[in-house]
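What follows is a set of notes on a single structure, which appears directly below.
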Amino acid sequence: DLSRLVLEKNQKAAQTGPSVTYTSIAAAPSTRPKKRYCDITGLPAPYRDSKTGLYYHNKEVYAVIRGLSTAQIQEYLALRGAATVLK
């Protein structure tokens, strides 16, 4: 049983001192940069449109982004959680 093995491992670690494991909350945060994905295709996005803030994969997707309305751009940003409300 996997949960029993994890519990036993954690108990042994508690007896010998603190250790960092995948099940330990004491693990340090990642130092690698966050991966960015294209808002339209979901592919890795090396580029970001400075006007809209959308990430894109290549020039074909950039052409699609340039044809989007402001409402559509706000919806894509809201899906990513980067939407800003302007009043």
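In the assembled protein chains, Leu43 presents an accessible area of approximately 80 Å² (probe radius 1.4 Å). Subtracting the Cα-Cα distance of Thr31 and Arg48 from 0.36 nm times their residue separation leaves 3.9 nm of extension gain. Here the extension length gained between Tyr62 and Lys12 equals 12.6 nm, from 0.36 nm per residue of separation less the Cα-Cα distance.
The values are calculated or read from the model by the stated rules, or taken from the named source; none is laboratory data. Model, not experiment: these values are computed from the prediction. Note: accessible area is taken over every heavy atom of the protein model, side chains too, but ligands, DNA and RNA are not part of it. Shrake-Rupley method; radii C 1.70, N 1.55, O 1.52, S 1.80 Å.
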